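The values are calculated or read from the model by the stated rules, or taken from the named source; none is laboratory data. These numbers come from a predicted model, not from an experiment. FYI the Cβ positions are ideal-geometry reconstructions off the backbone, even for glycines, and counts take in every protein chain you see.
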């Protein structure tokens, strides 16, 4: 016997799997549009060709140390070869019920846009030889067919968690999180701060339906919370507009501030716009040299402020 939560998970998985063929086609199209403007870059490949030196990481085998180079630099150095220098990028979409929303102002749901965007990111990164993975569902892989592998893994994502948890994130890795982030700062700050404290560089893509930002409602309307099912009846919805927009702007600013405190990037995307726009921005952010590790003191201070 499947309980209510299990039935909802099965329904969400079936809905997503039914939409995947069309979403894959859209992701290929978006990725091809962005890739057309890229220039080639040197990258590591199969074989034993030397790529670059990198600092030795605790826990690695001593046999991997290049002792001659290390003696000159007074630091332990490892000689990278093959795909060792490929960067690891984790992907995570929020597939909670609120992401199923679509107003008359947009042609797609927030969920479908998030899936298309991450599939397109996976396609582009795989073309460049980078490792792509989904926390807890798919280990990082440099497979050129990463797009299809990510698509299959997405069907297994529970509909509840808005952020990945329990993954062993590491320094010099990247995490791209796509969602609407409408659950409040207290719901996301602890997890994101924990991930950033490991030295992982993050990229937040907030996907919003234009109606959620502009509140174009008037007259007698009943609003329903897709997460809890709670219903609120507005006699004159237009009278709520000013207060709603102020609250929306304030909560969006809190997400942006959190990203800035963590040294992460933040992108706001509306579902009535092209998916190629945030994809281009993500490419630029991922290509930016340097990683911003979170200082524990700054993180603890901000967490206290966020949860107050």
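Just a few scattered comments:
- The stretch 117-153, residues that are part of a strand (DSSP E or B) and surrounded by 21 or more Cβ atoms within 10 Å (Cβ to Cβ): 132, 133, 134
- When restricted to residues that are out of contact with any strand residue (DSSP E or B) (no Cβ under 6 Å at 6 or more places or on another chain), within 16 Å of residue 178 (Cβ to Cβ) and crowded, with 18+ Cβ neighbours inside 10 Å, the stretch 259-273 contains 1.
- Sole exception among (1) in a helix (DSSP H, G or I); (2) farther than 19 Å from residue 132 by Cα for residue 233, by number: (1)
- Looking only at the stretch 227-245, and only at residues there that are surrounded by fewer than 10 Cβ atoms within 10 Å (Cβ to Cβ) and within 23 Å of residue 207 (Cα to Cα), the one that is farthest from the chain's Cα centre (by Cα): 230
- Where residue 181 falls short, out of the listed (1) surrounded by fewer than 16 Cβ atoms within 10 Å (Cβ to Cβ); (2) modelled with pLDDT of 90 or more; (3) in a loop (DSSP other than H, G, I, E, B): (1)
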